[in-house]
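The values are calculated or read from the model by the stated rules, or taken from the named source; none is laboratory data. Just so we're clear, the structure is a prediction, and the values are computed from it rather than from any experiment. Here the Cβ positions follow ideal geometry from the backbone for every residue, glycine too, while neighbour counts run over all protein chains shown.
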Amino acid sequence: MAIIIDETKRVLVQGITGREGQARTRLMKEFGTNLIAGCTPKKGGQEVHGVPVFNTVKEAMEATGGKLDISTVFVPARLVKYAAIEAIEAGVKLLVLVPDRVPVWDAMEIAAAAKANDASFVGPNTLGILSPGKGVLGMIGGRAASAQQWFKQGSVGIVSRSGGMTSSCGYYIGQQGIGLSTLVHVGGDTVLGMRIPDVALLFEQDPQTKVIVVFGEIGGSQEEQLAELMQQGKVTKPIVAYIGGAAAKEGTRFSHAGAIIEGGRGTHAGKVEALTKAGATVVKGFGELPEATRKILDKIGVAA
């Protein structure tokens, strides 16, 4: 199957006529994403790479019979809140919020709107989601030809707090001849939609995914919450994890707004300990992830 994005999901692009929207629409289409419509105020009636453009999400919904599953948002950070809430209120149930520098209060309003409308979102500040051979949302994977060469379908799911390392995990694991189900970058901000534990629960329900690879970081409690789910028996699939920021001290910010140790919480040691106690395989070096993943697949008798 894969999670979040596959060939059956019908995708809308908000901000499709902008420079980034046009470029990413082309790349997503080339990868095989089922792009149905685009939306930019006052640009209705145009086409971008063969995708029809509407003035509002509501118009796009009506024109497609209400069958838009996901919106990928490429608008300036200051407009993300308005675009996201517009899509949620129009009935879109999943949003991918690519822009960074979205104000924290705006992200909180988006979260409240999503909860009130039984919707969910990934990001803000996410590189996106990629299911090899099925579809891509956002900016992840780069050119379709390269992504299709690097990422093959298989049984390993990847979830990461770092955009660049999401792709790197997939690339280096792929170099071991291991195929992937879905790669998910949850985003690097402090207020997020789907987080590592949420994605792990989706992987748990996905029959294609047999092993979950996690790229974690200092700060926050996503990794500890994943460990709790493992302890509770809600996530039972093997976990292979790497936690970045081993040398960071309190007050250190590691790459992202959400990766900062405060008040002794969110430390590297605490995350490693929690995951290890829960039964995860936690590697000390990033370069150890591919081999550790291979060993787990061999142990459970799953072909790569």
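Quick check on this structure: which one of G133, G123, G138, G128 is surrounded by fewer than 24 Cβ atoms within 10 Å (Cβ to Cβ), among the small types (G, A, S) and either under 22 Å from I36 (Cα atoms) or at pLDDT 95 or above (or both)? First the steps, then the outcome.
Details: G123 fails: surrounded by fewer than 24 Cβ atoms within 10 Å (Cβ to Cβ); G138 fails: surrounded by fewer than 24 Cβ atoms within 10 Å (Cβ to Cβ); G128 fails: surrounded by fewer than 24 Cβ atoms within 10 Å (Cβ to Cβ).
Exactly one of G133, G123, G138, G128 is surrounded by fewer than 24 Cβ atoms within 10 Å (Cβ to Cβ), among the small types (G, A, S) and either under 22 Å from I36 (Cα atoms) or at pLDDT 95 or above (or both), namely G133.
Mind listing whichever residues of the range 33-43 are part of a loop (DSSP other than H, G, I, E, B) and in contact with a helix residue (DSSP H, G or I) (Cβ under 8 Å, 6 or more places away or on another chain)?
Going residue by residue through the range 33-43, those that are part of a loop (DSSP other than H, G, I, E, B) are 33-34, 40-43.
Across the range 33-43, the qualifying residue is only T40.
Evaluate the range 65-73: report whether one residue or more is touching a Lys or Arg at 6+ places or on another chain (Cβ under 6 Å) and acidic (D, E). Step through it out loud before you land on a result.
Quick first cut of the range 65-73, residues touching a Lys or Arg at 6+ places or on another chain (Cβ under 6 Å) only: 67-70.
From what's left, acidic (D, E): 69.
Yes; the residues of the range 65-73 include at least one that is touching a Lys or Arg at 6+ places or on another chain (Cβ under 6 Å) and acidic (D, E).
Can you find even one residue in the range 31-44 that is surrounded by fewer than 16 Cβ atoms within 10 Å (Cβ to Cβ), touching a Pro at 6+ places or on another chain (Cβ under 8 Å) and either more than 25 Å from K134 (Cβ to Cβ) or not aromatic (F, W, Y) (or both)?
No, that holds for no residue.
Every residue in the range 167-208 that is of a type in the set (D, E) and modelled with pLDDT under 95, please.
Pass one, the range 167-208, residues of a type in the set (D, E): 189, 198, 204, 206.
Matches in the range 167-208: D189 only.
Pairs, please: C-beta under 7 Å, at least 6 apart or cross-chain, first residue at positive phi and part of a loop (DSSP other than H, G, I, E, B) and in the range 5-27, second surrounded by 18 or more Cβ atoms within 10 Å (Cβ to Cβ) and of a type in the set (F, W, Y)?
Cβ pairs passing all conditions: G15/F74.
Quick one: would you say A200 is in the same structural domain as Q222 (by TED's automatic domain parsing) and either over 16 Å from V96 (Cβ atoms) or touching a residue at least 12 places away in the same chain (Cβ under 8 Å) (or both)?
Details: in the same structural domain as Q222 (by TED's automatic domain parsing): yes; either over 16 Å from V96 (Cβ atoms) or touching a residue at least 12 places away in the same chain (Cβ under 8 Å) (or both): yes.
The answer is yes for A200.
State all residues of the range 160-171 that are of a type in the set (A, V, I, L, M, F, W, C) and more than 8 Å from L183 (Cβ to Cβ); if no residue qualifies, say none. Step through it out loud before you land on a result.
At the first step, the residues of the range 160-171 found to be of a type in the set (A, V, I, L, M, F, W, C) are 165, 169.
Listed by number, the list holds a single entry, M165.
Pairs needed: first member in the range 153-181, assigned by TED's automatic domain parsing to the domain that holds F286; second member anywhere, crowded, with 23+ Cβ neighbours inside 10 Å and of a type in the set (D, E, K, R); C-beta distance under 6 Å; at least 6 residues apart or different chains.
R161/E217
Could you tell me which residue of the range 108-139 is farthest from T8 (Cα to Cα), considering only residues that are out of contact with any helix residue (DSSP H, G or I) (no Cβ under 9 Å at 6 or more places or on another chain) and without any contact (Cβ under 8 Å) to a residue 60 or more places away in the chain?
The qualifying residue farthest from T8 (Cα to Cα) is A112.
Kindly establish whether F54 is buried (at least 20 other Cβ atoms within 10 Å of the Cβ) and over 19 Å from the mean Cα position of the chain (by Cα). Even if it seems obvious, please write down each step before you answer.
Numbers: buried (at least 20 other Cβ atoms within 10 Å of the Cβ): yes; over 19 Å from the mean Cα position of the chain (by Cα): yes.
Answer is yes for this residue.
Six or more apart or on different chains, Cβ atoms under 6 Å: show the pairs whose first residue is in the range 81-107 and closer than 21 Å to T64 by Cβ and whose second is among the charged types (D, E, K, R).
Pairs that qualify, where the first residue is closer than 21 Å to T64 by Cβ and the partner is among the charged types (D, E, K, R), are A90/K58.
If you go through the range 129-151 one residue at a time, how many are among the basic types (K, R) and over 12 Å from L183 (Cβ atoms)?
Step one: filter the range 129-151 for residues among the basic types (K, R), giving 134, 143.
Restricting the remaining residues to those that are over 12 Å from L183 (Cβ atoms) gives 143.
Of the residues in the range 129-151, 1 are among the basic types (K, R) and over 12 Å from L183 (Cβ atoms).
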